[in-house]
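Working notes, beginning with the structure itself.
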Amino acid sequence: MNHAAEQAVAQAKPVFKQALQHMTLSDAKAILTGGDDAGTQYFRRATSAQLTGKFKPIVAAETAKLGLTARYNEYAGKAAQLGLLSSEDANLNDYVTARALDGLFSRIAEEEHEIRKNPLGQASSLIRKVFGTL
């Protein structure tokens with residue numbers, strides 16, 4: 001399942017690029033003046049539907065290789081009927097896709113937190129990377 005998530009995350013870059021290109025001035029202002037994870041929340045809102053569409057087929061292909069999908073869905077479906085599991089988590093592909101997105105946005109939130117905590121340090125790191133190659 002981790003392999004499926006890793007494969008899916010590789011498809012995220014163009015989706016994030018598109019979200020940046022469609023960002024409005026009010027979106028940017030909300031990110032700058034918002035909370036510690038305002039940028040992460042923007043990207044979650046702007047990209048989740050597209051990322052789910054890209055991730056789910058990859059996840060489905062990888063979980064199919066394991067041969068566990070049908071059995072998981074059967075038992076998890078029964079658990080959901082009994083109220084032991086949410087209906088969203090009763091489908092293996094939906095579950096793995098959602099956890100991959102959660103992991104991706106968690107990592108973005110960590111990076112955003114570091115940038116907000118020390119914006120000059122982040123800039124100098126970027127400057128070192130750029131000018132260190134010259």
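The values are calculated or read from the model by the stated rules, or taken from the named source; none is laboratory data. Owing to the predicted nature of the structure, the values given are computational and were not obtained by experimental measurement. Neighbour counts run over all protein chains shown; Cβ positions are idealised from the backbone, glycine included. Note: accessible area is taken over every heavy atom of the protein model, side chains too, but ligands, DNA and RNA are not part of it. Shrake-Rupley method; radii C 1.70, N 1.55, O 1.52, S 1.80 Å.
Per DSSP H run of n ≥ 4, the term is -39500 (n - 2.57); total these for the chain, divide by its residue number, and report the mean residue ellipticity at 222 nm rounded to 500 deg cm²/dmol.
Here the helix-only value at 222 nm equals -26500 deg cm²/dmol.
Considering only protein heavy atoms and a probe of 1.4 Å, how much of the accessible area of the chain is carbon and sulfur, as a whole percent?
That fraction is 59 percent.
Cut-off 10 angstrom, C-alpha nodes, Gaussian network model of the chain. Which of 11, 21, 41 fluctuates the most?
21
With every atom except the alpha carbons ignored, what do you get for Rg and Dmax of region 53-112, in angstroms?
Values for region 53-112 (Cα only, Rg and Dmax): 13.2, 39 Å.
With a 1.4 Å probe and all protein chains in place, put 48, 26, 106 in order of accessible area, largest first.
From most accessible down to least: 26, 106, 48.
Under 10 °C and 1.306 mPa s, how fast does the chain diffuse according to Stokes-Einstein, given a Kirkwood radius computed over C-alpha pairs? Answer in µm²/s, whole number.
93
If I histogram all Cα-Cα distances within region 31-86 using bins 5 Å wide from 0, what percent of pairs lands in each bin?
Reading upward from the zero bin: 4, 16, 12, 13, 16, 15, 12, 7, 4, 1.
Using every pair of alpha-carbon atoms in region 1-46, split the distances into 5 Å bins beginning at 0 and state the percent of pairs per bin, rounded to integers.
In whole percents, the pair-distance histogram is 5, 20, 23, 19, 14, 10, 6, 2.
Can you figure out the FRET efficiency of residue 50 with residue 114, using R₀ = 30 Å and their beta-carbon distance, to the nearest 0.05?
FRET efficiency, residue 50 to residue 114: 0.70.
Please calculate how many Å² of accessible area the chain carries per residue, with a 1.4 Å probe and no DNA, RNA or ligand atoms counted.
About 66 Å² of surface per residue is accessible.
Considering the dipole of the chain built from charges on the beta carbon (Lys and Arg +1, Asp and Glu -1) around the Cα centre, which of 106, 25, 39 is farthest to its positive end?
About the Cα centre, the residue reaching furthest to the positive side is 25.
Would you work out the relative contact order for the chain, in percent, from Cα pairs under 8 angstrom that are 6 or more residues apart?
Value for the chain: 30 percent.
Find how much the distance from residue 25 to residue 88 grows on full extension, using 0.36 nm per residue of separation minus their present alpha carbon separation; answer in nm with one decimal.
19.2 nm
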